[in-house]
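Participant: Okay, handing you the structure first.
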Amino acid sequence: MSTFRQRLARIAPYFASGRKGFIAAVAAASVAAATEPLVPALMKPLLDQGFAGGGIPLWVVPLAIIGVFVIRGTSQFITQYSLAWATTRGVLALRQAMFTQLLQATPALFTQQSATSLTNTVVYEVTQGANQLVGALLTVLRDSLTLVALLGYLLYLNWKLTVFVAILAPAIAIVVRVATKRLRKVTRDVLAANDELAYIVEENVLAWRIVRLHGAGPDQSERFATLSERLRRLLIKSVAAGATMSPITQFLAACALSAVITVALWQSTTGGVTVGSFVAFVTAMLMMLMPIKHLSDVAGPITRGLTALERCIALIEDEPREQGGSFDPAPQRARGEITLRGVTLRYRDDQAPALDRVDLTLRAGETVALVGPSGAGKSSLIHLLPRFLDPTAGELLLDGVPLPQWNIDALRRQFALVSQDVVLFNDSVAANVALGGTLDRERVRTALKSAHLLDFVDTLPQGIDSLVGHNGSQLSGGQRQRLAIARAIYKDAPVLILDEATSALDSESERAVQEALDALMRGRTTIVIAHRLSTIEHADRIVAMDAGRVVEQGAPAALLAAGGLYARLHGMQFRT
């Protein structure tokens, strides 16, 4: 029980804002429970006096019964409404805390868990878990109070018969304890299988073109069917673990009821029990069966709800947040001098390093192009700069200050990134351009004009307020790329990273956007990754990389004359 209390205590603070609702629900549930013994209590005078001509007015009993059920119905409504009010406030607080954690978590979280798993936890599991847990706890409260009230009435009527009812409690507790332990393990397996199944759906939705092009539908369908069957078996195990409690507890209750009826009949032969008392006792006894059944069934929802909410709490409390230092040059901005000293990066210990003892210095305002074959380490290097990754060994500095000493937000204010993988939000054009900053409509228009996109945006129905669709689905590939460039122009950071920034543009658009980029690059430290070497011929310096190492660097003309890696890559592209 202490373990259960500890698990519940970990969740409780997130539902503290709904305290008033929980108090109201408990109070209303107590009133409803208190009305339960009134029904059998009315049976005793009705049988002993009403049918025997005891002079009870004809209207008293019907009116009393109606009154009892009005009070009970009102109390039940207040209970459910108050509980829903309190639960939704708790879910809101918990979900907001989880989403905030996602925005501040270390990048490792997003490599260890799939997007589907995280989405399920934040959107679905928190609601389902809270509803199951709180609803089950209400059942425990309501039916426990009902049992106490009915048990008190039974003691009042006949304490000897009540002893047979009381022996149920320890037997039911043992059954619940054993079944709950098994159910908790199965529930965790069910949640994990749900995540895997949802991930398969996500993969096939995102990659539907590839799946159809390669005729992979049957293989994917078989993969889905295999995991679905595994999930089905786990669900059956979950149901079996929960369902065994109900018949066992009902059997125990039936044994107790049989014993009670036998003893009551024996007492009636000695004149110790009236007909009204016997009927009232048996009625109250039968009314206890339903709360007992509810309590025997409640272990499943409590276990499933707790397990789901514990996954939510683990996301908030157990996942580390990004850590940074205190250095912040604001209101000034960085000059843009970048230094790498012996930087090594390994994604896994059993793999070759993505970067191997890299030493490199980028002067403030310099344009440096990174070239090399795929897998050379170019993307890994630029991911280190805004600390999307941390090096396994070595040191990176910006303006002479090691990156870990920078305030993480201040550090990332110094970088603007235009990647070949453009990410846009289903929001307005203006919101996507001014992402993360104060929206200045004139600045947005200027940035769009510099990216050669303003003429197109002005043709849209709402202009810069037009929605771009899911990840820019309302735009062409070139328009999405230019919108990302406009975002970088708007941010006006001292360090600019261009990762295949013009890869989705046709020749005419590329020429126009390249002019905008050339203007943007002036006075900024710029790092360019481009496989088309014609786009980097005006770089101040070329850094050629291979197998995670810098193999040569220098001016483009000098590297061509040297006949090394850059010259070979250049020769392959321009041979025709």
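Participant: Extending each Cα 7 Å along its Cβ direction at Ala254 and Thr438, get the distance between those two points in nm, one decimal.
Facilitator: 7.6
Participant: Ok, one more. Want the number for Ile236 to His538: 0.36 nm per residue separation, take away the alpha-carbon distance, what's left?
Facilitator: Extending this stretch completely gives an extra 102.1 nm.
Participant: Now a separate question. Under a 5 Å amide H to amide H cut-off, with H placed in plane at 1.01 Å, what residues pair with Thr344 once short-range neighbours are removed?
Facilitator: Answer set, sorted by chain and number: Arg357, Val358, Thr392, Ala393, Gly394.
Participant: When Lys and Arg each count +1 and Asp and Glu each count -1, what net charge do the other residues less than 12 Å away from Leu396, Cβ to Cβ, add up to?
Facilitator: Combined, the nearby Lys, Arg, Asp and Glu give -3.
Participant: To the nearest 0.05, what FRET efficiency results for Asp465 and Val423 with a Förster distance of 25 Å applied to their C-beta separation?
Facilitator: So the FRET efficiency works out to roughly 0.80.
Participant: Next up: Can you compute the charge dipole magnitude of the range 322-402 about its Cα centre, using +1 on each Lys and Arg Cβ and -1 on each Asp and Glu Cβ, nothing else charged? Give it in debye, rounded to the nearest 20.
Facilitator: Here the size comes out at about 180 debye.
Participant: Still on this structure, I have one more. Tell me the relative contact order for the range 525-570 as a rounded percent, counting alpha carbon contacts under 8 Å between residues six or more apart.
Facilitator: 26
Participant: Let me ask something additional. Along the charge dipole of the range 413-559, Cβ charges K/R +1 and D/E -1, which of Leu517, Ala434, Ala547 sits furthest on the positive end?
Facilitator: Ala434
Participant: Another question, then. Would you give the gap between the C-alpha center of the range 536-576 and the C-alpha center of the range 214-233, rounded to a whole Å?
Facilitator: 47
Participant: Hey, can you rank 281-287, 405-411, 483-489 by average C-beta count inside 10 Å, highest first?
Facilitator: Descending mean neighbour count gives 483-489, 281-287, 405-411.
Participant: Where the centre of each part is set by its Cα atoms, how far does the range 349-421 sit from the range 1-30, in angstrom?
Facilitator: When both Cα centres are located, 48 Å separates them.
Participant: Moving on to the next point. With the crude spin-label approximation of a point 7 Å out along Cα→Cβ, what separation in nm comes out for Thr262 versus Val148?
Facilitator: Taking the two extended label points, one gets 3.2 nm.
Participant: Of all the accessible heavy-atom surface of the range 57-122, with the other protein chains kept in place and a 1.4 Å probe, what percent is carbon and sulfur?
Facilitator: 73
Participant: Just to be sure I understand the model, the point goes 7 Å from the Cα along the line to the Cβ. What's the resulting Thr74 to Thr106 distance in nm?
Facilitator: Here the modelled spin labels are 5.8 nm apart.
Participant: Skip the ligands, DNA and RNA, and give the accessible area per residue of the range 423-576 with a 1.4 Å probe, whole Å².
Facilitator: Accessible area per residue: 49 Å².
Participant: At a Förster distance of 22 Å, what's the computed FRET efficiency of Asp318 paired with Ala93, Cβ-Cβ distance as r, to 0.05?
Facilitator: About 0.75, to the nearest 0.05.
The values are calculated or read from the model by the stated rules, or taken from the named source; none is laboratory data. In this text, all values refer to a predicted model and were calculated from it rather than measured experimentally. Cβ coordinates were reconstructed from backbone atoms using ideal geometry, including for glycine residues, and neighbour counts include every protein chain displayed. These accessible areas exclude ligands, DNA and RNA; they are computed on the full protein's heavy atoms, side chains included. Shrake-Rupley method; radii C 1.70, N 1.55, O 1.52, S 1.80 Å.
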